[in-house]
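Student: Take this structure, written in structure tokens, and hold onto it; I'll ask about it next.
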Amino acid sequence: MDSAKISLALTGVFLLLTVPEPVSGCRVLFPPSYIEALDGEAYRQEIDLSAGLRRLAHRYFPDCVDLTRQPAAAEPERDCGDDPSLEFRLYAAGWEELRRNPDCRFPEPWRQLLALPEARRRRCTAKTLYLLGNLQVQEHPEKAYRWYQQLRIAVNRGCPDPQGLAIRSFRTNYFYVKDPVARVRYLALAAAYGAEPPAGSDGDRKSFTGELRDELGTMIRSNPRQFLRDPLTAEVVAMFYPELISELKGPLVCGDWLAMRAFQCGDFDGCRKLLAESPAESPVRLYLEARLARRAGDFRKSAGLFRKWLALYADHGGGMPFPAIGCGGFCDGSLGPALVWRSSCILPGGCRSMTAEIHGQLGALQYYRRMYQEALYSFLLGDAWGDAALVAETRLDLSELRALVDAHAGNPLISEEINRRLRHLLARRLMRAERFREAGRYFPEELQTAWRDFTGQIAAAEDSALDPEIRAEAWFRLGQIMLKHDIALFGYELLPDYFITDGQFGYYSITQPSQCALPRFHYRIREADCFRRAAELTSDPTLGFLAHLAGGLVLRDRMPEAAEPFYRQLVRRNFSPYSERLDFRRWIPAPPRGWKARIIACDFSDSDEAAGLIKFLLVGAVEPDPVPPRRSPAAVPGPDGSPPEFE
């Protein structure tokens, strides 16, 4: 079978095991917003089909022998004809009988070989049992299954299997079956009990999960209803086609998972019906009942069900029957639910655990009941950082947030990364409130040096007893620190700065229900103001011109109206030859590449270095243009105070 053609055909069919690509450029990986998705439509859960097949296989193949040990090693293979032992003579004779009679399904020499004591047939037992299964697999897969069972039993007892035939038998049992219904049955068996083919084995080494993607969707797509007559395959096909759920009959093994599929498709009545027939202890049932209560507006009942889920999880020691199963993988020995949550970005590990999902849902319910501290804690436990940041920045005052952060500084239930982000968010809130010294203990290690430098310089800059030149240098240094660390020291995690995505506004698509107090690019205004204060305090015309120029460059692109006063000061200073050229151009020219790094590295106490930096920043303004460019929207008044004239 051409796997490339199969994969292409599955593009529009097989959706259950697909995973989205992460958004390019994201620094922070975040799940969907539980606050925004109150109705459950902004995101959707996906069922890990491999684990579902495992549950079905355990129900319909209860006698299947699971391999409990690795294949035993054996001596290097030798040609059977070169070994005079009875074992190899019987094996070779069986091959000869098959050559003479292709319709033979159990050669007499192999019957005699298997009748020998195990100690006398260790070299040929595995391949003999494997080939006997292969002879039956197309017409009678159930007979092949029995031979493969004997093979697995022998390997578990220590029979050498250097080619990994016991593992390969799971694949063979379905791959060559002609009947599509039987093939899906044994495919479920392979997905449940099989494993990766061993290194060095012959044939395709693709995992059974990979073959599941390639095989199952194609077989079901052509005629899904043909699988409804078998109880195992009927549940499998209903996972692909939820509209067929109503046609299922009898008790269902995966009724709670099928209820999830009905919930996803908006069939809430069908979901309730399936849940009523599902085991009461099913965590999926409990989860869906909580979601249905939330949709009905009964937040109190929904929150109670989510808390019950978490209590049951704790009672089971954080394990059965609530496994956190990765995308496409299994939880050892577990037949519990496996859910995969999609997102605009993939979390580390590829999926969210069900406990994280429950905490996120519970946090949203607490949020809408105005229990903001409880909601923040739930979001932290659920690694729902976007929602946690929204609550921390807009729903708690500084004292409440600081008390919560201090109380959970060493909480082992909150991940170290989430705790670090929360502390950094609090530090930036304190900085925006100008409580600079209090913020230091919450900044991450990589920003401690910048914070210490900032607090030292702000103390000197605001000390009116110091010499103005010293204060001017301190203000300029503050502007340099801000130019390098602006958003990391003062930025909002979400709106309007989006520190969550390194300031890349288009990469965070979750709607926020409230506005913040400061405008967008507020940190640029702050750093430009630092440069302005330096310019006003210094008596050196070169340093003053440089400080106003630095402030104007910070604002010229993003906030031209705010940059206009800096441009006016540059013109009025009559700093030759640049003031005249800037007046001719009617605006501050675009700076050359690397301008920020040059300003950050400048020694403001060195007038000669400042003059060189000015020349570097205004290299395009020295020579006159043949035609003056258009003025900026905010023009400079005439020398006599008359209104400006626009070209």
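The values are calculated or read from the model by the stated rules, or taken from the named source; none is laboratory data. Computed from a predicted structure; not experimentally measured. Every residue, glycine as well, gets a Cβ built from its backbone with ideal geometry; the counts of neighbours run over all protein chains shown. For accessibility, only protein heavy atoms count, side chains too; no ligands or nucleic acids. Shrake-Rupley method; radii C 1.70, N 1.55, O 1.52, S 1.80 Å.
Quick grid of which residues meet (1) open to solvent by 20 Å² or more (accessible area, probe 1.4 Å); (2) at pLDDT 90 or above; (3) more than 42 Å from the chain's Cα centre (by Cα):
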{"residue": "119", "(1), (2), (3)": "yes, no, yes"}
{"residue": "123", "(1), (2), (3)": "yes, no, yes"}
{"residue": "129", "(1), (2), (3)": "no, yes, yes"}
{"residue": "150", "(1), (2), (3)": "yes, yes, yes"}
{"residue": "169", "(1), (2), (3)": "no, yes, no"}
{"residue": "180", "(1), (2), (3)": "yes, no, no"}
{"residue": "183", "(1), (2), (3)": "yes, no, no"}
{"residue": "187", "(1), (2), (3)": "no, no, no"}
{"residue": "203", "(1), (2), (3)": "yes, no, no"}
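Student: Where residues in region 354-376 are closer than 22 Å to residue 424 by Cα and touching a Leu at 6+ places or on another chain (Cβ under 7 Å), which of them is most open to solvent (accessible area, probe 1.4 Å)?
Tutor: Ranking the qualifying residues of region 354-376, first place goes to 373.
Student: Contact list please: Cβ distance under 7 Å, first residue in region 527-546 and more than 17 Å from residue 562 (Cα to Cα), second residue outside any helix (DSSP H, G or I) and not hydrophobic (A, V, I, L, M, F, W, C), pairs at least six apart or on different chains.
Tutor: Going by the 7 Å Cβ cut-off, the qualifying pairs are 541/573; 544/538; 544/573; 545/573.
Student: For region 155-164, how many residues are in a helix (DSSP H, G or I) and open to solvent by 10 Å² or more (accessible area, probe 1.4 Å)? Outline the logic, then answer.
Tutor: Applying the first criterion (in a helix (DSSP H, G or I)) to region 155-164 yields 155-156.
From what is left, the residues that are open to solvent by 10 Å² or more (accessible area, probe 1.4 Å) are 156.
Residues in region 155-164 being in a helix (DSSP H, G or I) and open to solvent by 10 Å² or more (accessible area, probe 1.4 Å): 1 in total.
Student: I want to confirm something. Restricting to region 226-259 and keeping residues that are hydrophobic (A, V, I, L, M, F, W, C) and at pLDDT below 85, which single residue is nearest to residue 357 (Cα to Cα)? Before you say what the answer is, go through the steps one by one.
Tutor: As a first pass, look at region 226-259 and keep what is hydrophobic (A, V, I, L, M, F, W, C): 227-228, 232, 234, 236-240, 244-245, 248, 252-254, 257-259.
Within this subset, residues satisfying the condition of being at pLDDT below 85 are 239-240, 257.
Numbers: 239: 21, 240: 23, 257: 16 Å.
The selected residue is 257.
Student: Which residue pairs have Cβ atoms closer than 7 Å, lie 6 or more positions apart in sequence or on different chains, and pair a first residue in region 587-608 that is more than 21 Å from residue 538 (Cβ to Cβ) with a second residue that is of a type in the set (Gly, Ala, Ser) and in a helix (DSSP H, G or I)?
Tutor: So the pair list comes out as 589/620; 589/621.
Student: Sticking with this structure for a sec: Restricting attention to region 89-110, which residues are under 55 Å from the mean Cα position of the chain (by Cα) and either of a type in the set (Phe, Trp, Tyr) or open to solvent by 40 Å² or more (accessible area, probe 1.4 Å) (or both)?
Tutor: 91, 95, 102, 103, 105, 106, 110
Student: Can you confirm whether region 132-141 contains a residue that is surrounded by 15 or more Cβ atoms within 10 Å (Cβ to Cβ), more than 30 Å from residue 223 (Cβ to Cβ) and modelled with pLDDT of 90 or more?
Tutor: yes
Student: Separate question: Scan region 586-599 and give yes if some residue there is small (Gly, Ala, Ser), crowded, with 19+ Cβ neighbours inside 10 Å, under 45 Å from the mean Cα position of the chain (by Cα) and at pLDDT 90 or above, otherwise no.
Tutor: Filtering region 586-599 for residues small (Gly, Ala, Ser) gives 590, 594, 597.
Next, from what is left, pick out any that are crowded, with 19+ Cβ neighbours inside 10 Å: none.
For region 586-599, residues small (Gly, Ala, Ser), crowded, with 19+ Cβ neighbours inside 10 Å, under 45 Å from the mean Cα position of the chain (by Cα) and at pLDDT 90 or above: absent.
Student: When you go through (1) farther than 21 Å from residue 62 by Cβ; (2) open to solvent by 10 Å² or more (accessible area, probe 1.4 Å); (3) in contact with a helix residue (DSSP H, G or I) (Cβ under 9 Å, 6 or more places away or on another chain) one by one for residue 243, which number turns out not to apply?
Tutor: (3)
Student: Can you tell me which residues in region 243-286 are in contact with a Gly (Cβ under 8 Å, 6 or more places away or on another chain) and within 20 Å of residue 184 (Cβ to Cβ)?
Tutor: Selection gives 245, 254, 257.
Student: Residue under question is residue 429, and the condition is that it be surrounded by 14 or more Cβ atoms within 10 Å (Cβ to Cβ) and not β-branched (Val, Ile, Thr); does it hold?
Tutor: Values: surrounded by 14 or more Cβ atoms within 10 Å (Cβ to Cβ): yes; not β-branched (Val, Ile, Thr): yes.
So residue 429 fits the description; yes.
Student: Here is a further query. Under the condition of being open to solvent by 60 Å² or more (accessible area, probe 1.4 Å) and not acidic (Asp, Glu), which residue from region 600-614 is modelled with the highest pLDDT?
Tutor: Looking at residues that are open to solvent by 60 Å² or more (accessible area, probe 1.4 Å) and not acidic (Asp, Glu), I get 601.
Student: Under the condition of being over 17 Å from residue 475 (Cα atoms) and of a type in the set (A, V, I, L, M, F, W, C), which residue from region 440-458 is surrounded by the most Cβ atoms within 10 Å (Cβ to Cβ)?
Tutor: The first filter runs over region 440-458 and keeps only residues over 17 Å from residue 475 (Cα atoms), leaving 440-449.
Restricting the remaining residues to those that are of a type in the set (A, V, I, L, M, F, W, C) gives 443, 447.
On the way: 443: 22, 447: 19.
It comes out as 443.
Student: Give the number of residues within region 565-598 that are touching a Phe, Trp or Tyr at 6+ places or on another chain (Cβ under 9 Å) and part of a helix (DSSP H, G or I).
Tutor: The total comes to 9.
Student: May I pose another question? Would you pick out the residues in region 262-277 that are open to solvent by 10 Å² or more (accessible area, probe 1.4 Å) and either in a loop (DSSP other than H, G, I, E, B) or modelled with pLDDT of 85 or more (or both)? So that I can check it myself, show each step before the final result.
Tutor: Narrowing region 262-277 to residues open to solvent by 10 Å² or more (accessible area, probe 1.4 Å): 263-270, 272-274, 276-277.
263, 265, 266, 267, 268, 269, 270, 272, 273, 274, 276, 277 - these are the residues of region 262-277 that are open to solvent by 10 Å² or more (accessible area, probe 1.4 Å) and either in a loop (DSSP other than H, G, I, E, B) or modelled with pLDDT of 85 or more (or both).
Student: Shifting gears a bit: Can you tell me which residues in region 216-240 are crowded, with 19+ Cβ neighbours inside 10 Å and over 17 Å from residue 182 (Cβ atoms)?
Tutor: If the condition is that a residue be crowded, with 19+ Cβ neighbours inside 10 Å and over 17 Å from residue 182 (Cβ atoms), then 217, 238, 239, 240 are the ones that fit.
Student: Could you tell me whether residue 617 is at pLDDT 90 or above, under 24 Å from residue 561 (Cα atoms) and not acidic (Asp, Glu)? Steps first, answer last, please.
Tutor: Values: at pLDDT 90 or above: yes; under 24 Å from residue 561 (Cα atoms): yes; not acidic (Asp, Glu): yes.
So residue 617 fits the description; yes.
Student: Now for a different question. Anything in region 403-421 that is part of a helix (DSSP H, G or I) and either out of contact with any His (no Cβ under 8 Å at 6 or more places or on another chain) or within 22 Å of residue 457 (Cα to Cα) (or both)? List them, or say none.
Tutor: To start, the set of residues in region 403-421 that are part of a helix (DSSP H, G or I) comprises 403-407, 416-421.
Of everything in region 403-421, those that are part of a helix (DSSP H, G or I) and either out of contact with any His (no Cβ under 8 Å at 6 or more places or on another chain) or within 22 Å of residue 457 (Cα to Cα) (or both) turn out to be 403, 404, 405, 406, 407, 416, 417, 418, 420, 421.
Student: Let me ask something else. Tell me, please, whether a residue that is closer than 26 Å to residue 404 by Cβ, open to solvent by 30 Å² or more (accessible area, probe 1.4 Å), outside any helix (DSSP H, G or I) and touching a Cys at 6+ places or on another chain (Cβ under 7 Å) can be found in region 487-508.
Tutor: Taking every residue of region 487-508 in turn, at least one turns out to be closer than 26 Å to residue 404 by Cβ, open to solvent by 30 Å² or more (accessible area, probe 1.4 Å), outside any helix (DSSP H, G or I) and touching a Cys at 6+ places or on another chain (Cβ under 7 Å).
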